[in-house]
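Q: Quick one: this structure, given as structure tokens, is what I'll be asking you about.
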């Protein structure tokens, strides 16, 4: 048995990853101490008091959350090992100033493995996403739930319109036409080639346009990269949603969709990840997936969650899809908007095919892709490290 000290972030998605991981770790016989990080912050002295009282063998975190410099300084003095599982772009969370002496890193995306090693981490391993089959499972819906959720196609997700709005302000602020054309090209290339890294696109575009964008410091250039990447993601999502809007789509998300789509779609309110999303997955003939740009080679959690519900999914392509599922037999992907429309029309007319694919996907997930599987994989590695 290990004693594991875990930070739970204040944002919902990160918190769910932590809770599902904790549930699996407890099931494996470990003792867990969870520190919830509220948005207003928790006093460091209180966190350190709980750390010393619990006396853990290991600190475990999602996306390095909670590892502020003052806490890391104490951890290094205590020679405590830290394991961090990045389920997003790691470089949105890492800081060169935070150096952990005993650290093991897991990334859900192989794209970042070598980059994390280049950053200075010696122990970096691939650990893809997973699902909690106690939450995501086949559900018998009430009549009221059927009326609310049943549809041909559903998509649940953020419009990311705030990033596009920020881009437009940045574009206007620049004023210089040559520089404006340069960032327009960066945005276009990222939207059309979302598997490419924004840093590579930015570097190449500045060279080909002979236009060096000026940044006062590292923090500013990283902010610009994030803005451009997410603005491109917003436009990519807009393009996909518009291409299938007339095929019986129900869209659930933030108010930014109304602005992004010029009010041309009947937007459903945002729904709760734990209590409502599994019902929607069960009620939808086709669940649509549009992966965020920062996941370059791996698949997101929706692919696992929908499969656990024994429901049908159409996802955009990622290279590691075929190493986690049998493509065509357990999961179906689309190449572009035309291919997506064609496949939606095909599978809406072939319920038997949808059902068979969904059944096989569920078998795969329950056999290989739950949080219990992931924690077993991770801690088989961690035990050799302790």
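The values are calculated or read from the model by the stated rules, or taken from the named source; none is laboratory data. Everything numeric here is computed off the predicted structure, so don't read it as measured data. Every residue, glycine as well, gets a Cβ built from its backbone with ideal geometry; the counts of neighbours run over all protein chains shown.
Q: Of the conditions (1) touching a residue at least 60 places away in the same chain (Cβ under 8 Å); (2) touching a strand residue (DSSP E or B) at 6+ places or on another chain (Cβ under 8 Å); (3) closer than 29 Å to residue 310 by Cβ; (4) not assigned by TED's automatic domain parsing to the domain that holds residue 282, residue 149 fails just one. Which one is it?
A: (4)
Q: Inside segment 152-188, can you point out the residues that are touching a strand residue (DSSP E or B) at 6+ places or on another chain (Cβ under 7 Å) and either surrounded by fewer than 21 Cβ atoms within 10 Å (Cβ to Cβ) or without any contact (Cβ under 8 Å) to a residue 60 or more places away in the chain (or both)?
A: Within segment 152-188, just 152 meets the criteria.
The rows are residues; the columns are (1) within 20 Å of residue 344 (Cβ to Cβ); (2) assigned to a loop (DSSP other than H, G, I, E, B); (3) at pLDDT below 95; (4) in contact with a strand residue (DSSP E or B) (Cβ under 7 Å, 6 or more places away or on another chain).
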{"residue": "244", "(1), (2), (3), (4)": "yes, no, no, yes"}
{"residue": "251", "(1), (2), (3), (4)": "yes, no, no, yes"}
{"residue": "281", "(1), (2), (3), (4)": "yes, no, no, yes"}
{"residue": "287", "(1), (2), (3), (4)": "yes, no, no, yes"}
{"residue": "293", "(1), (2), (3), (4)": "no, yes, yes, no"}
{"residue": "310", "(1), (2), (3), (4)": "yes, yes, no, no"}
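Q: While we're on this one: From the residues in segment 253-268 that are in a loop (DSSP other than H, G, I, E, B) and under 21 Å from the mean Cα position of the chain (by Cα), which one is farthest from residue 163 (Cα to Cα)?
A: Among those that are in a loop (DSSP other than H, G, I, E, B) and under 21 Å from the mean Cα position of the chain (by Cα), it is 253.
Q: Here are 33, 46: which of them is over 15 Å from residue 378 (Cα atoms) and at pLDDT below 95?
A: Of 33, 46, the one residue that is over 15 Å from residue 378 (Cα atoms) and at pLDDT below 95 is 46.
Q: Which one is nearest to residue 92 (Cα to Cα), of the residues in segment 121-132 that are more than 14 Å from the chain's Cα centre (by Cα) and assigned to a loop (DSSP other than H, G, I, E, B)?
A: Result: 121.
Q: Taking the criterion of being touching a strand residue (DSSP E or B) at 6+ places or on another chain (Cβ under 8 Å), closer than 21 Å to residue 230 by Cα, outside any loop (DSSP other than H, G, I, E, B) and at pLDDT 95 or above, would at least one residue in segment 338-347 satisfy it?
A: No, segment 338-347 contains no residue that is touching a strand residue (DSSP E or B) at 6+ places or on another chain (Cβ under 8 Å), closer than 21 Å to residue 230 by Cα, outside any loop (DSSP other than H, G, I, E, B) and at pLDDT 95 or above.
Q: Go through the residues of segment 189-199 one by one and say whether even a single one is touching a helix residue (DSSP H, G or I) at 6+ places or on another chain (Cβ under 7 Å), more than 15 Å from residue 230 (Cβ to Cβ) and buried (at least 16 other Cβ atoms within 10 Å of the Cβ).
A: The answer is no; no qualifying residue exists.
Q: Taking segment 97-120, which residues are assigned to a loop (DSSP other than H, G, I, E, B) and at pLDDT 95 or above?
A: Those that are assigned to a loop (DSSP other than H, G, I, E, B) and at pLDDT 95 or above: 108, 109.
Q: In segment 364-386, what residues are out of contact with any helix residue (DSSP H, G or I) (no Cβ under 9 Å at 6 or more places or on another chain) and in a helix (DSSP H, G or I)?
A: Correct list: 377, 380, 381, 382, 383, 384, 385.
Q: Within 27 Å of residue 295 (Cα to Cα), free of Cβ contacts under 8 Å to residues at least 24 places away in the same chain and out of contact with any helix residue (DSSP H, G or I) (no Cβ under 6 Å at 6 or more places or on another chain): is that true of residue 43 in this structure?
A: no
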